[in-house]
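The values are calculated or read from the model by the stated rules, or taken from the named source; none is laboratory data. Since this is a predicted model, take the numbers as computed values, not measurements. Ideal geometry is used to build each Cβ from the backbone, glycine not excepted, and the neighbour counts take in all protein chains shown.
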Amino acid sequence: MATGTQPKSDLEVLEQGNLYFLYRPKVEQETVHSTEDIQRIHMVIGPHGRQWFRLITLGKKSLPDLQTDNQQGWCFVETVTDSAKALEAGLRREVYETKTRGDRTQPAVRPVGEGVYQLVVDDDGQTRLVYALELPHDLGPAQQALNINQTGNYVISIKNPEQPSPEGLGFQQGDRTADFPQDLQDEFRERTFIAANPPHFLDYVGAEILLISTASEDAQNIGGQLQPQAEDETTSEAINKLRMRKTRHPLEPLLTGELT
């Protein structure tokens, strides 16, 4: 992975690191042919300079379309950990017993993209999540189905857990929400959404995130400032750092772009 990135000179970089996209097939669906066979999509972001992983689960089966302005995508922080081993263990194939259907198999998560990311503050004071892929080298059916582009650029906001969710978006009453420390909670000042600044908002399980696509040329240029490096199966961070060995996780989506 690239250890350094070059942001646009007038942007404040809040955080940078490694990013991974993953998907998990539905129960008993060992082979994926389309998004109909997918149960969940995840994103893992890990900042440089510390051993830390945030597993973020998307509410839909694709990212907001970057060819369309203001397309929203809700997601939430499912897990935070300093252990890649513990994170990977929770993403493996699992067989469990049910009273009515007997043994059921939850297939293993598949990595479908890896690259570098930055959280930056734009000229309007919004926080943006920008990324550039390093694998796969060429986008394939897997990335196209999930709206994963070679570079991405989203406005990223955090929802106030003390405010009700807009209808049809986010956790509803009684669901789990983030328990932010008082200094972070005070940042909301009764607002429903605020910019993801500081990034420590993302360090709390249950934190709700709103991603908004921006199709303008300026927005795409921000995402083009990153400097990804060419990776392969031997140097892949998803394989080496996240411990996603091919004996446990099918790697075709990551290496060739194929759904599997």
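Tabulated data for the structure shown
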quantity: Among (1) in a strand (DSSP E or B); (2) at pLDDT 90 or above - the single one Leu63 does not satisfy; calculated: (1)
quantity: Total residues in region 162-179, condition surrounded by 15 or more Cβ atoms within 10 Å (Cβ to Cβ) and either in contact with a Pro (Cβ under 7 Å, 6 or more places away or on another chain) or within 30 Å of Gly113 (Cα to Cα) (or both); calculated: 4
quantity: Where Gly223 falls short, out of the listed (1) within 18 Å of the chain's Cα centre (by Cα); (2) at pLDDT 95 or above; calculated: (2)
quantity: Qualifying residue in region 61-74 (condition: crowded, with 20+ Cβ neighbours inside 10 Å, in contact with a strand residue (DSSP E or B) (Cβ under 8 Å, 6 or more places away or on another chain), more than 18 Å from His200 (Cα to Cα) and not hydrophobic (A, V, I, L, M, F, W, C)); calculated: yes
quantity: Options Gln150, Gln118, Gln106, Gln143; residue that is without any contact (Cβ under 8 Å) to a residue 24 or more places away in the chain, buried (at least 16 other Cβ atoms within 10 Å of the Cβ) and in contact with a strand residue (DSSP E or B) (Cβ under 9 Å, 6 or more places away or on another chain); calculated: Gln150
quantity: Selected residue (criterion: modelled with the highest pLDDT) from residues of region 199-220 that are buried (at least 18 other Cβ atoms within 10 Å of the Cβ) and β-branched (Val, Ile, Thr); calculated: Ile209
quantity: Selection status of Thr57, without any contact (Cβ under 8 Å) to a residue 24 or more places away in the chain, farther than 29 Å from Asp179 by Cβ and either β-branched (Val, Ile, Thr) or surrounded by 13 or more Cβ atoms within 10 Å (Cβ to Cβ) (or both); calculated: no
quantity: Output for region 136-161, where each listed residue is farther than 15 Å from Ser62 by Cα, among the aliphatic types (A, V, I, L, M) and either modelled with pLDDT under 90 or in contact with a Phe, Trp or Tyr (Cβ under 9 Å, 6 or more places away or on another chain) (or both); calculated: Ile158
quantity: Filter result (more than 20 Å from Thr79 (Cα to Cα) and either surrounded by fewer than 16 Cβ atoms within 10 Å (Cβ to Cβ) or in contact with a Lys or Arg (Cβ under 9 Å, 6 or more places away or on another chain) (or both)) within region 10-25; calculated: Asp10, Leu11, Glu12, Val13
quantity: Residue in region 162-170 that is of a type outside the set (Phe, Trp, Tyr), modelled with pLDDT of 95 or more and out of contact with any strand residue (DSSP E or B) (no Cβ under 8 Å at 6 or more places or on another chain) present; calculated: no
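Quick grid of which residues meet (1) under 30 Å from Ala215 (Cα atoms); (2) among the hydrophobic types (A, V, I, L, M, F, W, C); (3) out of contact with any Pro (no Cβ under 6 Å at 6 or more places or on another chain):
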residue: Asp65; (1), (2), (3): yes, no, yes
residue: Ser83; (1), (2), (3): no, no, yes
residue: Leu91; (1), (2), (3): no, yes, yes
residue: Pro107; (1), (2), (3): no, no, no
